[in-house]
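A.B. asks: Sharing a structure with you now.
The values are calculated or read from the model by the stated rules, or taken from the named source; none is laboratory data. These figures come from a predicted structure and were not determined experimentally. When we count neighbours, we look across all protein chains shown, and the Cβ atoms used for this are built from the backbone with ideal geometry, even at glycine. When the accessible area is computed, the model is the full protein with side chains, heavy atoms only, and any ligands, DNA or RNA have been set aside. Shrake-Rupley method; radii C 1.70, N 1.55, O 1.52, S 1.80 Å.
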Amino acid sequence: MQKPLEIQKLGIPAILQGCNVLLAAETGCGKTLAYLLPLVTKILEWKQVVQRNVNSPLALIVTPSRELTVQIALELIKLSKPLDIKTKIITGGRTKRALSNPPVNHIDVLVGSFGVVSKLITCGVYNTEFVRFIVLDEADTLFHYTFEDKLRVLMNKLPVGYFQEISENGFAKTAQLILVSATIPLRLEDVLSGIVNPQSLKHVTTDKLHKILVPQKFMRMIPSKKPMELLKYIRPKVLNKERVIVFTNHNSTSYWLYLFLQECGIKTTNLNGDMPLYVRQGKYGEFLNGKTMVLSTTNGGSRGLDTLMVQHVLNYDFPLDTAAYIHRCGRTGRVGSIGDSRVTNFISKKGEVFMVQKIEMAARRMKPIPVFNLLDSSREAREKEEEEKEEEDDECINELIENLDNPEDIPY
């Protein structure tokens, strides 16, 4: 790529000016690079003018998932390794080992999943005194009300300002906040209240926001027909060496689909929130590296992951949250993808029919998909809490990644 993409043309100047920025644009359009390039530029400047102790990063990137954390960290390392910018990645949830024997490194950028970053900063393992660049990637997920209290605690430890001013010695006086998402967070003002003035956020969006840019097919059927239709859908694509992501709404269904396809002779990777870290580690990597052609996953696999090789997305279970649908569809048809991409949806319940009608109406009118959620909020909250509890049982991965040559060594 020699020319900046639309979101990069709009976003990079705003970030370099020192504004707090909301980058909200369609999935796969280059948002990550839109904030990584300014980050690298600023880090190089700040490293020349400020002296820091160990465990005192200049920038913090927070994500909702392990896989996205690793992906962003790898992109940053590729960009900045020749420039001697030290990137530290922390994922997982169990922090007892890190608290009893804290890691000690000279680091410039800390990239981590929300739970472990929040704990290690709150407990003082990492010093936020010098943090001047903060990114919340997949902000709509991090702004969910089940995370709100912990997010407030974390953000109140960071020196976010209304606008980033530079002091006489060349170092920024306050931290700059960058929110990144494929959908505009619904609770933006509620969450930011008391942390930073929401009016300080410069909204950088494209006209494709909340739009699906690949062909969509909706197949109505009774639930008992879905396994057979799944096989009819998957087999020719696997024989043709075409990658497929199959989304379900529950971890148990994702695991069942994995077993079902394996029994039918189709090599499949399963990735869901029920899996402990020692099982989950390497799963996304085996799909990414072509050892399997099919990935069975839940909404956790729909957020931010770069899936250039994927041409087909199948919603075996249709989501009752249009933001989740937008993110799932964004796993295919990304910038740089080769070949025809499309999304297929199995529809079998009354609520799913209602969702499809709303999406179809928006598509026919060439309008953005409305963001709403049919899920019962109390049930959704319980599911979020269960996911958080599962994450806390994980081991903590806390490392500097130096070697990108062997994909098997990358801790997906």
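A.B. asks: Please find, within the range 106-151, the residue that is modelled with the lowest pLDDT out of those that are within 21 Å of Leu83 (Cβ to Cβ) and outside any strand (DSSP E or B).
C.D. replies: My answer is His106.
A.B. asks: Residue under question is Leu83, and the condition is that it be over 19 Å from the mean Cα position of the chain (by Cα) and open to solvent by 10 Å² or more (accessible area, probe 1.4 Å); does it hold? Before you say what the answer is, go through the steps one by one.
C.D. replies: Details: over 19 Å from the mean Cα position of the chain (by Cα): yes; open to solvent by 10 Å² or more (accessible area, probe 1.4 Å): yes.
Yes, satisfied.
A.B. asks: I would also like to ask the following. Can you find, within the range 132-172, the residue that is least open to solvent (accessible area, probe 1.4 Å) among those that are β-branched (Val, Ile, Thr) and farther than 20 Å from Leu68 by Cβ?
C.D. replies: Within the range 132-172, the subset β-branched (Val, Ile, Thr) is 134-135, 141, 146, 153, 160, 166.
Filter again for farther than 20 Å from Leu68 by Cβ, leaving 153, 160, 166.
Details: Val153: 72, Val160: 26, Ile166: 94 Å².
Residue satisfying both the conditions and the ranking: Val160.
A.B. asks: Within the range 214-229, can you find the residues that are open to solvent by 100 Å² or more (accessible area, probe 1.4 Å) and either in contact with a strand residue (DSSP E or B) (Cβ under 8 Å, 6 or more places away or on another chain) or within 12 Å of Asp317 (Cα to Cα) (or both)? Even if it seems obvious, please write down each step before you answer.
C.D. replies: Applying the first criterion (open to solvent by 100 Å² or more (accessible area, probe 1.4 Å)) to the range 214-229 yields 217, 220, 225, 228.
Across the range 214-229, the qualifying residues are Lys217, Arg220.
A.B. asks: Next question. Report whether or not Pro103 is part of a loop (DSSP other than H, G, I, E, B), surrounded by fewer than 21 Cβ atoms within 10 Å (Cβ to Cβ) and assigned by the TED database to the domain that holds Leu188. Give the steps one after another, and end with the answer.
C.D. replies: Working: part of a loop (DSSP other than H, G, I, E, B): yes; surrounded by fewer than 21 Cβ atoms within 10 Å (Cβ to Cβ): yes; assigned by the TED database to the domain that holds Leu188: yes.
Yes; evaluated as a whole, the condition is true for this residue.
A.B. asks: Checking Val313 against (1) modelled with pLDDT of 80 or more; (2) in a helix (DSSP H, G or I); (3) open to solvent by less than 10 Å² (accessible area, probe 1.4 Å): exactly one of these is not met. Which one?
C.D. replies: So Val313 meets the others, but not (2).
A.B. asks: In this structure, is Ile89 more than 30 Å from Glu168 (Cβ to Cβ), out of contact with any Lys or Arg (no Cβ under 9 Å at 6 or more places or on another chain), in contact (Cβ under 8 Å) with a residue 40 or more places away in the chain and buried (at least 24 other Cβ atoms within 10 Å of the Cβ)? Let's see the steps before the verdict.
C.D. replies: Working: more than 30 Å from Glu168 (Cβ to Cβ): yes; out of contact with any Lys or Arg (no Cβ under 9 Å at 6 or more places or on another chain): yes; in contact (Cβ under 8 Å) with a residue 40 or more places away in the chain: yes; buried (at least 24 other Cβ atoms within 10 Å of the Cβ): yes.
Yes; evaluated as a whole, the condition is true for this residue.
A.B. asks: Can we say Leu44 is open to solvent by 10 Å² or more (accessible area, probe 1.4 Å) and among the aliphatic types (A, V, I, L, M)?
C.D. replies: Criteria met by Leu44.
A.B. asks: As an exercise: evaluate Gly170 against (1) at positive phi; (2) modelled with pLDDT under 90; (3) among the small types (Gly, Ala, Ser) and give the number of the one condition it does not meet.
C.D. replies: (2)
A.B. asks: Let me ask something else. Among (1) under 23 Å from Val356 (Cα atoms); (2) over 27 Å from the mean Cα position of the chain (by Cα), which single condition is Glu263 missing?
C.D. replies: Exception for Glu263: condition (1).
A.B. asks: Kindly establish whether Leu188 is surrounded by 16 or more Cβ atoms within 10 Å (Cβ to Cβ) and in contact (Cβ under 8 Å) with a residue 60 or more places away in the chain. Even if it seems obvious, please write down each step before you answer.
C.D. replies: On the way: surrounded by 16 or more Cβ atoms within 10 Å (Cβ to Cβ): yes; in contact (Cβ under 8 Å) with a residue 60 or more places away in the chain: yes.
So Leu188 fits the description; yes.
A.B. asks: For residues that are among the charged types (D, E, K, R) and surrounded by fewer than 24 Cβ atoms within 10 Å (Cβ to Cβ), scanning just the range 47-66, find the one that is farthest from Phe147 (Cα to Cα). Let's see the steps before the verdict.
C.D. replies: Just the residues of the range 47-66 that are among the charged types (D, E, K, R), to begin with: 47, 52, 66.
Retained after the next criterion (residues that are surrounded by fewer than 24 Cβ atoms within 10 Å (Cβ to Cβ)): 47, 52.
Values: Lys47: 33, Arg52: 31 Å.
Taking the candidates together, the pick is Lys47.
A.B. asks: For the range 152-185, what are the residues that are charged (D, E, K, R), touching a residue at least 40 places away in the same chain (Cβ under 8 Å) and part of a loop (DSSP other than H, G, I, E, B)? Give the derivation first.
C.D. replies: To start, the set of residues in the range 152-185 that are charged (D, E, K, R) comprises 152, 157, 165, 168, 173.
Keeping just the survivors that are touching a residue at least 40 places away in the same chain (Cβ under 8 Å) gives 152, 165.
Scanning the range 152-185 gives a single hit, Glu165.
A.B. asks: Scanning the range 228-243 for residues that are of a type in the set (D, E, K, R) and within 27 Å of the chain's Cα centre (by Cα), which turns out farthest from Ser341 (Cα to Cα)? Outline the logic, then answer.
C.D. replies: Here is the first cut: in the range 228-243, the ones of a type in the set (D, E, K, R) are 229, 232, 235, 237, 241-243.
Next, from what is left, pick out any that are within 27 Å of the chain's Cα centre (by Cα): 237, 241-243.
Working: Lys237: 12, Lys241: 14, Glu242: 10, Arg243: 10 Å.
Checked the range 228-243; the qualifying residue farthest from Ser341 (Cα to Cα) is Lys241.
A.B. asks: So Gly28 clears everything in (1) over 26 Å from Gly115 (Cα atoms); (2) in contact (Cβ under 8 Å) with a residue 60 or more places away in the chain; (3) open to solvent by 10 Å² or more (accessible area, probe 1.4 Å); (4) not charged (D, E, K, R) except one condition, right? Which one?
C.D. replies: Gly28 satisfies all of (1) over 26 Å from Gly115 (Cα atoms); (2) in contact (Cβ under 8 Å) with a residue 60 or more places away in the chain; (3) open to solvent by 10 Å² or more (accessible area, probe 1.4 Å); (4) not charged (D, E, K, R) except (1).
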